[in-house]
Amino acid sequence: MTVPVLPTARLGTDGPFVGVQGLGCMGMSDFYGPTDRPEALATLDAALEAGVTLFDTADAYGFGRNEELIGPFVRANRDRVVLATKFAVERKEDDPSHRGIRNDPAYIRAAVDASLRRLGVDEIDLYYMHRRDPAVPLADSVGTMAELVRAGKVRQLGLSEVTGAELREAYAIHPIAALQSEWSVFARDVERTAVPAAAELGVAFVPYSPLGRGFLTGVFQAAEQLAADDVRRTQPRFTGANAAANAELLAPLREIATARGVTLAQVALAWVHQRAEVHGLTVVPIPGTRKRSRLAENTAAATLRLTAEELARLEPVAGEVAGDRYPDMRFTQVGRE
Ligand SMILES: NC(=O)c1ccc[n+]([C@@H]2O[C@H](COP(=O)([O-])OP(=O)(O)OC[C@H]3O[C@@H](n4cnc5c(N)ncnc54)[C@H](OP(=O)(O)O)[C@@H]3O)[C@@H](O)[C@H]2O)c1
């Protein structure tokens, strides 16, 4: 099968051009059940061949192992890969459910050096603050991130799960190239303040979990279908009566997919691209996969066009979703809006 090469888009006003769809690497080391290292590495290479250039990791994924996994691939393709990683989520290997949020300058300075060491590179192309700790002023956290740019450790700055007001405040301290937050047919709370602020400032939006963590593809419909240690078993949307009710909401996606001869995943990804057009902002979704077999399908979705009638049928879906995105919504931008 010939894989169409992706069009490109720019991250921020002076950031790099990237394929309009990136690759989320998280599941290759953590959270979504068993992983297959050779297949994951082959997926990285195949993604690059398909025109994907933005590769997304974080220091928290697999307790640093995700950065170690992709490091050799990044180094072997340093002139083509745009490497994004993140700091702020502190985890404990002996207590996997623990999540601490750290935004203090000393933590950030140590975190970037640890990421550079694990990745084996001199510079990170896009460095995100993964979560905001509102107790730490943005002048301190983003101010410290700006120091990393001046020190040549980081090229561009990004934020994740911040409100529109926080994005504006951060941007006044240092230009922000990308905002990465959850955005999908099932998760649209970002459209209230974060998306309009990003559009106004010229910040690229990088939707994470654009496939609703896989639920929008129809591959699982209940938490019980997932591995015992899969983190989605703890997420309110995928458990009990919520999962059953949410599975019903896939009906319009399934009808559109069948009528168009495409997959549910493709409908979900095309929706994100076209929704961003409505808001007038650059969008680079980062669907996550551990498998080469998904790549042609997912990249083809970037150029699939849904009709106005199809978009209208998907419009009410998010408003009907049962259950929050996370067990504790204080870790998201909605908790501070
Ligand atoms: N900033 C943040 O707080 C944050 C939070 C979550 C995620 N992220 C980033 O965003 C990336 C993407 O999000 P995500 O992985 O949570 O969710 P996602 O992209 O919505 O969905 C990933 C799931 O969908 C499956 N999948 C992918 N393509 C498919 C297809 N064509 N058909 C059927 N299933 C398919 C994957 O399984 P297979 O692996 O089996 O294909 C995986 O289980 C992550 O990898 C990570 O880099 C960031």
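Values quoted throughout were computed directly from the atomic coordinates according to the rules given, and no laboratory measurement underlies them. Predicted model only: the values in this text are computed from it and were never measured. Ideal geometry is used to build each Cβ from the backbone, glycine not excepted, and the neighbour counts take in all protein chains shown.
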Original post:
Looking at A265, A300, which one is farther than 18 Å from S181 by Cβ, touching a Lys or Arg at 6+ places or on another chain (Cβ under 8 Å) and of a type outside the set (F, W, Y)?
Top reply: A265
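Conditions tested, residue by residue: (1) surrounded by 19 or more Cβ atoms within 10 Å (Cβ to Cβ); (2) near the ligand (Cβ under 9 Å from one of its atoms); (3) among the hydroxyl-bearing types (S, T, Y); (4) not in a helix (DSSP H, G or I).
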{"residue": "L6", "(1), (2), (3), (4)": "yes, no, no, yes"}
{"residue": "T13", "(1), (2), (3), (4)": "no, no, yes, yes"}
{"residue": "G27", "(1), (2), (3), (4)": "yes, yes, no, no"}
{"residue": "P38", "(1), (2), (3), (4)": "no, no, no, no"}
{"residue": "L41", "(1), (2), (3), (4)": "no, no, no, no"}
{"residue": "G62", "(1), (2), (3), (4)": "yes, no, no, no"}
{"residue": "R65", "(1), (2), (3), (4)": "no, no, no, no"}
{"residue": "L69", "(1), (2), (3), (4)": "yes, no, no, no"}
Subject >> Residue list for segment 90-103, restricted to those being out of contact with any Lys or Arg (no Cβ under 6 Å at 6 or more places or on another chain) and either part of a helix (DSSP H, G or I) or closer than 26 Å to G15 by Cβ (or both) >> reply: R102, N103
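Residues are listed down the side, and each one gets a yes or a no for (1) within 18 Å of the chain's Cα centre (by Cα); (2) surrounded by 15 or more Cβ atoms within 10 Å (Cβ to Cβ):
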site: V203; (1), (2): yes, yes
site: V206; (1), (2): yes, yes
site: G218; (1), (2): no, yes
site: Q235; (1), (2): yes, yes
site: F238; (1), (2): no, yes
site: A241; (1), (2): no, no
site: A244; (1), (2): no, no
site: E248; (1), (2): no, no
Original post:
Can you tell me which residue in segment 93-129 is surrounded by the fewest Cβ atoms within 10 Å (Cβ to Cβ), limited to those that are touching a residue at least 40 places away in the same chain (Cβ under 8 Å) and among the basic types (K, R)?
Top reply: R99
Original post:
From the set of residues in segment 71-92 that are among the β-branched types (V, I, T) and farther than 19 Å from A46 by Cα, which is nearest to the ligand (Cβ to nearest atom)?
Top reply: V89
Original post:
For segment 242-317, which fully contained helices (runs of 4 or more DSSP H) count at least 1 residues that are within 12 Å of the ligand (Cβ to nearest atom) and aliphatic (A, V, I, L, M)?
Top reply: 251-260, 264-279, 295-300
Original post:
What single numbered condition from (1) more than 17 Å from R325 (Cβ to Cβ); (2) out of contact with any Pro (no Cβ under 6 Å at 6 or more places or on another chain) fails to hold for R313?
Top reply: (2)
Original post:
Does P236 meet the test of being touching a residue at least 12 places away in the same chain (Cβ under 8 Å) and within 11 Å of the ligand (Cβ to nearest atom)?
Top reply: no
Original post:
Which one is nearest to the ligand (Cβ to nearest atom) among residues in segment 117-149 that are assigned to a strand (DSSP E or B) and aliphatic (A, V, I, L, M)?
Top reply: M129
